[in-house]
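The values are calculated or read from the model by the stated rules, or taken from the named source; none is laboratory data. Model, not experiment: these values are computed from the prediction. Counting neighbours? That spans all protein chains shown, and the Cβs are built from the backbone with ideal geometry, glycine included. Protein only, heavy atoms only, side chains kept; ligands, DNA and RNA dropped before computing areas. Shrake-Rupley method; radii C 1.70, N 1.55, O 1.52, S 1.80 Å.
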Amino acid sequence: MRTEAQTVYQKALTFLTRNEILCIHDSFLKLCPPGKYYKEATLTVDQVSSLPALRVNPFRDRICRVFSHNNVFSFEDVLGMASVFSEQACPSLKIEYAFRIYDFNENGFIDEEDLQRIILRLLNSDDMSEDLLTDLTSHVCAQGCGGRGAGGGGSGHHRKPLDGRQMRGSGGCTLARKNYLQFLSFLQDHASLPGSPEQ
C-alpha cells in the first residue's frame, strides 16, 4: 500500500502529476504477481510492451531496451519512462532519450544503418527495395543536415553519422545540435516520436 508521502516524493522527482503517478501505480499493480509489494515487484519487457501506450508503437522494443534494467522494469523504471514522455518533460531530456532509442546498434551515433531501420519501421515495411531505401535514407540525411553533407557540401550518399555527443556540446563532433533537432523535426513531420500520445 503506497502512502501519500511516497506519491509526493515521486512527483517531485518526475514531470508527472499526482493523478498520473497513481494511474501508473494501478496499472503496474494489475500486472504484478498477486500479493507482491509494488516496490519489490518487477515486470518483464513483454508485460510493459503490452501497455496501451506502447502496444502499437513501432519502437516499443527500443523504448523498453532504453528504460529497463537487465530487461526488467521496476515501478521506478516505468515512472521514469512515463516522465520522459510526459508533455511537461523538458525538450532536452526528450531529445536525449529519442537519440538513445533511435541508436539501434548502440554505437553512440545515428548512422546509415540506424536511419534505414527507422525508415522501415515508420513505413511499416520489410520488403522495400534497396534502391528506394537508399534514396529515402539520403533524403532524411539531407533534411537532418540542413540539406548539406556533413562535410560541408555536396549531396552524395556518403555522410558522416549523427553523433549523440553533439547534444552535450563536446568538440570534434559530426553534426551541430540544431541539425539533430532538424532531424527530429523531420521525423515528427512523418510520424510521432516514440511514446507520444498519438501512438
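Numbers for the structure displayed
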{"quantity": "Odd one out for residue 39 among (1) touching a helix residue (DSSP H, G or I) at 6+ places or on another chain (Cβ under 8 Å); (2) more than 30 Å from residue 118 (Cα to Cα); (3) open to solvent by 50 Å² or more (accessible area, probe 1.4 Å); (4) not in a loop (DSSP other than H, G, I, E, B)", "calculated": "(4)"}
{"quantity": "Among residues of the range 124-137, those that are at pLDDT below 80 and either crowded, with 19+ Cβ neighbours inside 10 Å or among the hydroxyl-bearing types (Ser, Thr, Tyr) (or both), counted", "calculated": "2"}
{"quantity": "Index of the failed condition, residue 53 passing every other in (1) among the small types (Gly, Ala, Ser); (2) in a helix (DSSP H, G or I); (3) at pLDDT below 90", "calculated": "(2)"}
{"quantity": "Residue that is surrounded by the fewest Cβ atoms within 10 Å (Cβ to Cβ) [pool: residues in the range 70-116 that are modelled with pLDDT under 90 and either hydroxyl-bearing (Ser, Thr, Tyr) or touching a Ser or Thr at 6+ places or on another chain (Cβ under 7 Å) (or both)]", "calculated": "92"}
{"quantity": "Selected residue (only one of 121, 62 is in contact with a helix residue (DSSP H, G or I) (Cβ under 8 Å, 6 or more places away or on another chain) and either open to solvent by less than 70 Å² (accessible area, probe 1.4 Å) or within 24 Å of residue 6 (Cβ to Cβ) (or both))", "calculated": "62"}
